[in-house]
Amino acid sequence: MNYTLHQLQIFLKISELESITKASEELHLTQPAVSIQLKNFQDQFAIPLTEVVGRKLYITQFGKEIAETAEKIINEVNAINYKTLAFQGKLYGKLKISIVSTGKYVMPYFLSGFIKRHESLELNIDVTNKLKVIESLELNNTDFALVSVLPEKLEVNAIELMENKLFFVGNKDLKLNKSLTDKKLFEELPLIYREHGSATRNAMELFINKNNLSTSKKIELTSNEAVKQAVISGLGCSIMPLIGLKHELKNNDLQIIPVKGLPLTTTWNLIWLKSKKLSPAALAFLDYINSEKDSIIQEKFDWFIKY
């Protein structure tokens, strides 16, 4: 047999995702290139590694065992690389962080300086909704998570990073009668919601229910960017995190509509399981956050503090 490390990496990714298309996207390769490598890898075994049923790719039991072995080999190769870096006096390893979708406007600024100091580190950021972030943390698939609402059923440590403010926003062309009450505002304007499981959606619904507000026609979208573009286009209004509206407010594409009880204010927290044994890379990141977070906020989020 004469398979390569590259082929092992490709087959492991295919086995994880059960899709050549998705594997090619994650590996930043073309689909034909991944298919060719899979065929070359398969040609070295007399037993099928994969099978296609109803146009869906499945990994055979033999293929799953080969994938497990491939993962061990790749981990050992990574360990050799990490040890080499350690002997050179460099911080090594992987840092995995799972963040809620709105957190993409926050977390990169708390990471950039750290990664520049430690260029040998591998960084993996998963951006998804709150439910999947908590699931990733619970399954120990990530070192840290960034959330604006602490999980109730998990024992976690937390570092407060900065405030998260949510305002009621509409597009620039929206003209409102000054005598319009908040109740009438919510009754007459179409509202745009995030999907179920989103922390922003939960905060919006809690505010509406707490204040006994009746809502107009409802539109549901699955990302903060989609909601923002829908509001800009005039499809409706929404309660949105200020952190993602910097350029739109500056360019007057959006306007903040004053509503009693708003903004809602929560806190961005970097959290990790109390039971987790943190790697040297994760511990170094915590030290960096504790020493640098105030200066990062002052430098990168001065516009946000003014609201």
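If r is the Cβ-Cβ distance from Tyr58 to Leu206 and R0 is 41 Å, what FRET efficiency results, to the nearest 0.05? Spell out each step's value before the answer.
Details: r = 43 Å, r/R0 = 1.04.
Efficiency computed from Cβ-Cβ geometry: 0.45.
Find the relative contact order for the chain and round it to a whole percent, using C-alpha pairs within less than 8 Å whose residues are 6+ positions apart.
Contact order relative to length: 20 percent.
Excluding Ala70 itself, what net charge comes from residues whose Cβ is under 13 Å from its Cβ, given Lys and Arg +1 and Asp and Glu -1?
Details: positive: Lys13, Lys64, Lys72; negative: Glu16, Glu65, Glu68, Glu71, Glu76.
My count for the surroundings of Ala70 gives -2.
Roughly how many Å is it from the Cα centre of segment 230-307 to that of segment 93-142, as a whole number?
15 Å
So which lysines can Lys165 reach, going by Cα to Cα under 21 Å and dropping same-chain residues fewer than 8 places off?
Lys104, Lys130, Lys210, Lys228, Lys246, Lys250, Lys260, Lys293, Lys300, Lys306
Within segment 134-156, what residues put their amide N at less than 20 Å from the label point 7 Å along the Cα-to-Cβ vector of Ser223?
134, 146-148
Net charge around Leu154, counting only other residues with Cβ within less than 15 Å of its Cβ (Lys, Arg = +1; Asp, Glu = -1)?
0
Antiparallel DSSP bridges in the chain: what percent, to the nearest 5?
60 percent
Of the DSSP beta bridges with both residues in segment 122-245, give the percent that are antiparallel, rounding to the nearest 5.
DSSP beta bridges in segment 122-245 are roughly 45 percent antiparallel.
Read phi for every residue in segment 223-232 and hand back ³J(HN,Hα) as whole Hz from Karplus 6.51 cos²θ - 1.76 cosθ + 1.60, θ = phi - 60°, with x for Gly and Pro.
Computed from phi, the couplings for segment 223-232 are 8, 5, 5, 5, 4, 4, 5, 5, 5, 4 Hz.
Straight-line reach from Lys94: which aspartates and glutamates fall under 15 Å, measuring Cα to Cα and dropping same-chain residues less than 8 apart?
Glu76, Glu119, Glu122, Asp126, Asp143
Could you give the longest part of the chain that holds none of the trypsin sites (Lys or Arg not before Pro) found in DSSP loops with at most 14 neighbouring Cβ atoms within 10 Å?
91-152
Grab every C-alpha pair in segment 1-128, bin the distances at 10 angstrom width from 0 up to the longest one, and report whole percents.
Histogramming segment 1-128 at 10 Å steps yields 11, 32, 30, 21, 5, 0 percent.
Could I get the Rg over Rh figure for segment 198-307? Both from C-alpha atoms, Rh via Kirkwood, rounded to two places. Please list the in-between numbers first.
Values: Rg = 17.8 Å, Rh = 17.0 Å.
With Rh from the inverse mean 1/r over Cα pairs, Rg/Rh is 1.04.
Less than 14 Å Cβ to Cβ from Ser214, Lys/Arg counted +1 and Asp/Glu -1: what total charge do the surrounding residues give?
Net charge in that neighbourhood comes out at +1.
Starting from the amide H of Phe167, placed 1.01 Å from N in the peptide plane, find each other amide H under 5 Å away whose residue is 5 or more places distant or on another chain.
Amide H neighbours of Phe167: Met240, Leu242.
Accessible area of the chain with a 1.4 Å probe: how many percent of it is carbon plus sulfur?
Here carbon and sulfur together make up 50 percent of the probe-accessible area.
Round to the nearest 10 and give me the degree value, 0 to 90, for the angle of helix 31-42's Cα axis relative to the longest principal axis of the chain.
Helix 31-42 sits at roughly 30 degrees to that axis.
The values are calculated or read from the model by the stated rules, or taken from the named source; none is laboratory data. Remember, predicted model here, so these are calculated numbers, not experimental data. Ideal geometry is used to build each Cβ from the backbone, glycine not excepted, and the neighbour counts take in all protein chains shown. Note: areas computed on protein heavy atoms with side chains; ligands, DNA, RNA excluded. Shrake-Rupley method; radii C 1.70, N 1.55, O 1.52, S 1.80 Å.
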